[in-house]
Amino acid sequence: MATPLPPRAPRDLGKPVSIVIMTLFLIFLFVPIYWLVIMSLKSNTEILTSVALWPKDLTFKNFATIFGDSTWYMGYVNSLIYVVMNTVISVTVALPAAYAFSRYSFVGDKHLFFWLLTNRMAPPAVFALPFFQLYSSIGLFDTHIAVALAHCLFNIPLAVWILEGFMRGVPREIDETAYIDGYSFGGFFLKIFLPLIASGIGVAAFFCFMFSWVDLLLSRTLTSVNVKTIGVAMTRTSSATGFDYGLLAAAGVLTIIPGALVIYFVRNYIAKGFALGRV
Amino acid sequence: MEKTVNQKAWFLVLPVFLLVAFSAVIPLMTVVNYSVQDTFGDNAFFWAGLEWFEEMLSSDRLWSALGRQVIFSATILVIEVPLGIIIALNMPKKGGWSSFCLVMIALPLLIPWNVVGTIWQLFSRMDIGLLGSALLAMGVEVNPGKDPVAAWVLVVVMDVWHWTSLVALLCYAGLQSIPQAYYQAARIDQASRWSVFRYIELPKMGGVLLIAILLRFMDSFMIYTEPFVLTGGGPGSATTFLSIDLVKMAVGQFDLGPAAAFSIMYFLVILLVCWVFYTVMTTLDKQEER
């Protein structure tokens, strides 16, 4: 070329630097997780006697303990039960509501939408004690459904906001054409509209699952004997015989797995989900 | 895009309205109820008016917890926002390496909050943790149980570890939406890297960055589980933030009146910030539609 442009775009100039920065950041993110995983594969004597970067004698004893003891593995089962219940409830009721917000204007719509947002932002600590009293008085304390309903406080607003974000992207002409073709509202919604926003439903479900899964405060407050959650099980690793670090680490590793399994499928929507559908 | 006026849409919203009202309004009413009453036990309550609010407003405890909370939220914003932007700018733009980075970066966001606390507790201990023992070997003692500075640094580092990814992912999504033509134009103008950032990338990221800042502010403002597991609010009350203090008061000491008054004021602050967030966001949405 006669008139020379700078040989490289400004963005490419930083290439090696980019790789260094990204590598450093990923190392920062990964070393603590690596430490947890490594600890879960060590015996307690090894944990307490040496600080080694890898286990000298690899043991799966800690995981065997968790899978062999019902007070441990039932913690995961119980947590999964209320998380799934909450996800199903949240997404089911959020779907029609999100459709209403994305398509119609009605009395109080903006206030309602804002009120939902305030519940997503509300500190769970404010609600811990009142929830305990509410669910005790209606006889739901220490049941899965109590935790599932309590998590609705922040998950329904989240689902409505995320789904509304996805539904806005579907052109209104599709609705109108379907009605002209003789579809009823229900038929249109189930047969035509839902398949169009299938990815949105997946993302909303994923985020409801996640936010219900990561909570400890409310689930711990609302359960005691019948429904022992994994968070509670983990606080009991300090026993009369001392702290069982290996077991604690193994339990921690197992809580990361559900998120790690599905993250790949939602990787392009993570930002959208966390930003309440606004990206 | 004008929306159709249709009052029947309320029927579609009704289930959400009822469920959220059940989980939000009834508990809030309980809190309001407690905040204006006093009791000597036996479930006998009597009217106390604004006594609790006055007591809380004049107590050092509330103000120092609020002070720590504001310092904490400000600190993590100052660190996480620039760091998140830097990470987003250096993220690979396409291909398998980009997917890999996306997935890896998102991982800390999906770890249960009590496990985040546990990870950092195990990682930072001087006897069994990699970080703690490495620093000890270099002559630095990390003792969050005794040293308030160490406890603070640990809580802040943990939060940076946990949530910087959120800022990075949102900014990355913002950057992805910039058309390639903008960069080509900048190249023709021989724009420096800095001016590309200042005049193209930053304005285009504005919207998402705002959401990231506000989400980070709100979530750090109600942080509970991670510092609770890591430091238990200590040493003393050095890392006792608003939520930790509130739970201590309500569930630990069962001081229902003061705790309720505390809750209401806490909630009002959240409401105010939420309103700012909502107003800014709807304005931005409107600008986009134009």
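Where the only charges are on Cβ atoms (+1 Lys, Arg; -1 Asp, Glu), what is the dipole of the protein assembly as shown about its Cα centre, to the nearest 20 debye? For the protein assembly as shown, the charge dipole is close to 1660 debye. Averaged over the residues of peptide A:214-221, the number of Cβ atoms from other protein chains lying within 10 Å of each residue's Cβ is 5.
Our summary gives chain B a relative contact order of 27 percent, counting only alpha carbon pairs under 8 angstrom and 6 or more residues apart. Of the residues A:ILE192, A:CYS152, A:VAL107, the one whose Cα sits farthest toward the positive end of the charge dipole of region A:103-215, with +1 on the Cβ of Lys and Arg and -1 on the Cβ of Asp and Glu, is A:VAL107.
Here is the P(r) of chain B: all C-alpha pair distances, binned every 5 Å from 0, give 1, 5, 9, 11, 12, 13, 13, 11, 10, 7, 4, 2, 1, 0, 0, 0 in whole percents. Loop-located GluC sites (Glu not before Pro) in region B:185-290 (DSSP state not H, G, I, E or B) with no more than 12 neighbouring Cβ atoms inside 10 Å do not occur. Among the GluC sites (Glu not before Pro) in region B:1-91, those located in a DSSP loop and surrounded by at most 16 other Cβ atoms within 10 Å of their own Cβ are B:GLU2. Taking Cα centre as origin and charging only the Cβ of basic (Lys, Arg, +1) and acidic (Asp, Glu, -1) residues, the dipole magnitude of region B:1-151 rounds to 940 debye.
Select from chain A the helices, each a whole stretch of DSSP H, whose alpha-carbon atoms run 20 Å or more along the helix axis and whose Kyte-Doolittle mean is at least 0.0; answer none if there are none.
Details: long enough: A:15-40 (37 Å, 2.12); A:70-103 (49 Å, 0.90); A:144-168 (34 Å, 1.34); A:198-214 (24 Å, 1.80); A:245-262 (27 Å, 1.94).
The answer, listed by residue number, is A:15-40, A:70-103, A:144-168, A:198-214, A:245-262.
Sorting A:164-171, B:211-218, B:143-150, B:278-285 by their mean Cβ neighbour count within 10 Å, with the most densely packed peptide first, gives B:211-218, A:164-171, B:143-150, B:278-285.
The share of Cα pairs per 10 Å bin across the protein assembly as shown, counted from zero up to the longest distance, runs 3, 16, 26, 26, 18, 8, 2, 0, 0, 0 percent.
Distances between placed amide hydrogens fall under 5 Å for A:SER105 paired with B:THR4, B:VAL5, B:ASN6, all partners being 5 or more residues away or on another chain. Within chain B, the whole DSSP H helices whose Cα atoms reach 24 Å or more along their own axis and whose mean Kyte-Doolittle score is at least 1.0 are B:9-35, B:60-90, B:148-176, B:202-221, B:256-289.
Think of region B:218-290 as having a plus end and a minus end, set by charges on the Cβ of Lys, Arg, Asp and Glu; of B:LEU256, B:PHE277, B:THR239, B:LEU256 sits farthest toward the positive end of this dipole. Positive-end ranking of B:PHE17, A:ALA98, A:ILE81 along the dipole of the protein assembly as shown, with charges on Cβ about the Cα centre, is headed by A:ALA98.
Checking every one of the trypsin sites (Lys or Arg not before Pro) in region B:83-138 against DSSP loop status and a limit of 14 other Cβ atoms within 10 Å picks out B:LYS93, B:LYS94.
Throughout, read-outs are computed from the coordinates displayed, never taken from laboratory work. For clarity, every value in this text was computed on a predicted model and none was experimentally measured. No Cβ is skipped: glycine too gets one built from the backbone with ideal geometry, and neighbour counts run over all protein chains shown.
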